[in-house]
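The values are calculated or read from the model by the stated rules, or taken from the named source; none is laboratory data. Worth saying up front: this structure is predicted, and the values here are computed from it rather than measured. As a convention, Cβ positions derive from the backbone with ideal geometry for all residues, glycine included, and neighbour counts pool all protein chains shown. For the accessible areas, the whole protein counts, side chains as well, though only heavy atoms, and no ligand, DNA or RNA atoms are used. Shrake-Rupley method; radii C 1.70, N 1.55, O 1.52, S 1.80 Å.
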Amino acid sequence: MNHSPPLPQAKSSEPIFDTESLTIRVSYKCNIGCKFCYNTSLPDNETALSEERMLALVKDGWENGCRRLGISGGEAFLYAKSVMKVIKLAKELGYTAVSIVTNGFWGKYVKSTNIVLSMLKEAGFSAPPDMLAMSAGEFHKEWIPPSNAKNIISEYNRAFGVPFTIDFEVTKGKEHLEQEFRDYLSSEGIPEDAYNIRLRKIIANLGRGKDLEDGVAEVKPIGAFGKCNAVNRFVVQPDGKVVPCCGFNRFNDGIVLGNIHESSVAQIIKDANSNFVNQLLTHKPLYELYDALKMQFVMPKNFTAACEICEAIFGKEEHIEHLKKNVDLT
């Protein structure tokens, strides 16, 4: 007997898929191995999108309403020549902004830093509105020294005349690392107005992050997880799968909307507007879906990030089937 409480009816007639933003995850290959990596990128992971496929994606995305482009990995600059061609095409088509995330391995020397920045300028990258961000912090510093950030900040300022963005991750109790990073840059003559730090305190229990010791991030009550504010994107993973979010929960096949190797961008967008899971992610708070499932299934607990509870909800086909019986999408 099904004892789960029925959920309120979700809206299904209106278009819900925002195609304004296209994100391409170039590869799961990365030259470092951060202990918290949510997508388990490693040097020997060769899963990648071909240059031809990425260029076709940029064109098809433009034709289907995408106006902003995100590029990440893995480490996108391991495929620098292809990435530059992608940026060049995007700018030629009229994408209003391109954003790129890197670990900054290429900032080891001033010369190598300027080679990459020159390639970006030649491809049409212009900040702002375009943006380049370097991931640094507690786990990245094991692999990439802060001197890389110093070189990139300095030369980025010189090339574009705007502050450089640093994504800086820290776990609970290690907040002092941010100030140590700032103190190092100051000692090297880098003023604080030369860069912006986006502090990342939420370390998701996903990918290799599942192997971290407990307590590195604050556990939140189930009721804190409302509607996900990161859904209704068009994010293409290196294996061609399309997800409607940032894709932190890479191993959650339940949220896959399609595959660019099997369907066109236009078809995936069309299908996404009636996709059951996408409807739930758009209209339902995560705690409501979790509460419906825990009446029937033994569910994991102690979540620190929305992606974790999303994986717990949609990571099993039987969960999705159960929700289908309790949500009327007509």
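Here are some notes:
- The heavy atoms of R233 offer some 90 square angstrom of accessible surface to a 1.4 angstrom probe.
- Averaged over residues, the count of other Cβ atoms within 10 Å places the peptides 264-277, 24-37 in the sequence 24-37, 264-277, highest first.
- Per-residue packing, averaged as other Cβ atoms within 10 Å, sorts the ranges 297-304, 131-138 into the order 131-138, 297-304, beginning with the highest.
- Percent accessible area from carbon and sulfur atoms, the stretch 157-276, protein chains only, probe 1.4 Å: 46
- Ranking by accessible area, most exposed first, for W62, W143, W106 with a 1.4 Å probe: W143, W62, W106
- Beta bridge orientation in the chain: antiparallel %, DSSP, nearest 5: 20
- Considering only the stretch 158-302, percent of DSSP beta bridges that pair antiparallel, nearest 5: 40
- Packing-based ranking, highest mean first, of 189-197, 90-98 given that Cβ atoms within 10 Å are counted: 90-98, 189-197
- Spatially proximal aspartates and glutamates relative to K108 (Cα-Cα < 16 Å; intrachain offsets below 8 disregarded): E75, E142, E155, E188
- When a 1.4 Å probe is rolled over the protein heavy atoms, the share of accessible surface on the stretch 16-145 that falls to carbon and sulfur comes to 56 percent.
- From the alpha carbon centroid of the stretch 83-137 to that of the stretch 285-321 is 38 Å.
- Accessible area expressed per residue, the stretch 5-155, with surrounding protein chains retained (probe 1.4 Å, Å²): 42
- Phi to ³J(HN,Hα) by Karplus 6.51 cos²θ - 1.76 cosθ + 1.60 over the stretch 127-144, Hz, x for Gly, Pro: 9, x, x, 6, 9, 10, 10, 10, 7, 9, x, 3, 8, 5, 5, 5, 10, 10
- Exposure of K220 as accessible area (Å², to 10), given a probe of 1.4 Å and all protein chains: 80
- Pairs from K150/K227; K91/K141; K88/K210; K201/K294; K141/K284 whose Cα-Cα separation, in the structure shown, is over 31 Å: K150/K227; K91/K141; K88/K210; K141/K284
- Helical content of the chain, expressed as a calculated mean residue ellipticity at 222 nm, amounts to -10000 deg cm²/dmol (DSSP H runs of 4 or more residues, -39,500 (n - 2.57) each, divided by residue number, nearest 500).
- Percentage relative contact order, the stretch 6-141, counting C-alpha pairs under 8 Å, at least six apart: 24
- Entry note, the chain: relative contact order of 23 percent, from Cα contacts under 8 Å with a spacing of 6+ residues.
- Residues whose amide H comes within less than 5 Å of that of N196, counting only those at least five positions distant or on another chain, are F164, T165, I166 (H built at 1.01 Å from N in the peptide plane).
- For F125, no residue 5 or more places off, or on another chain, has a built amide H under 5 Å of its own.
- Solvent-accessible area per residue in the stretch 211-330 equals 45 Å², computed with a 1.4 angstrom probe and all protein chains kept.
- The stretch 173-229 and the stretch 20-55 have Cα centres lying 22 Å from one another.
- Taking the inverse of the mean 1/r over every pair of distinct Cα atoms in the chain gives a Kirkwood hydrodynamic radius of 21.0 Å.
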